[in-house]
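Contents: one structure, followed by commentary.
Laboratory data are not the source of any read-out in this text; all were calculated from the coordinates shown. These figures come from a predicted structure and were not determined experimentally. No Cβ is skipped: glycine too gets one built from the backbone with ideal geometry, and neighbour counts run over all protein chains shown.
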Amino acid sequence: MGKRVFIGNLPFSATDEQLRELFSQHGEVSSAEIVKDKYTERSRGFAFVEMATDEAAATAVSALSGYEMDGRKLTVNEARPRTEGGSRGDRRGGGGFSSGNRW
């Protein structure tokens with residue numbers, strides 16, 4: 001199974017196909033997806049690329065970290081696994097003025 005690679009500081013003009021083409025120079029690409037805002041469909045400035053092999057992922061990370069695309073230096077590293085409960089962890093409720101019996 002391959003590895004997911006995180007790409008940050010992505011130009012807003014970049015496309016999924018451009019990413020696929022760029023990363024395919026370093027190995028087989030299983031998927032390339034720019035993360036978009038669910039309401040506006042605009043790029044959020046980062047993406048994930050899944051490489052077919054761990055070796056291809058490692059090669060792409062070392063070759064493309066700092067690569068300049070449309071005037072922006074890409075941040076490229078191995079994607080961390082998703083955590084349970086969403087991206088903000090398990091912070092539920094609390095806070096505010098009435099967060100406990102203080103009187």
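Observations on the structure shown:
- Taking the Cα centre of the stretch 1-92 as origin and assigning +1 to Lys and Arg Cβ atoms and -1 to Asp and Glu Cβ atoms, the resulting dipole is close to 600 debye.
- As a proxy for reagent exposure, E78, E41 were ordered by neighbouring Cβ count within 10 angstrom, fewest first; the result is E41, E78.
- Short-range pairs are left out: with C-alpha atoms under 8 Å and at least six residues apart, the relative contact order of the stretch 1-59 is 48 percent.
- Overall form of the stretch 34-82: oblate. Here a/c, set by the Cα gyration tensor axes a ≥ b ≥ c, is 1.5 or more, and a/b is not larger than b/c.
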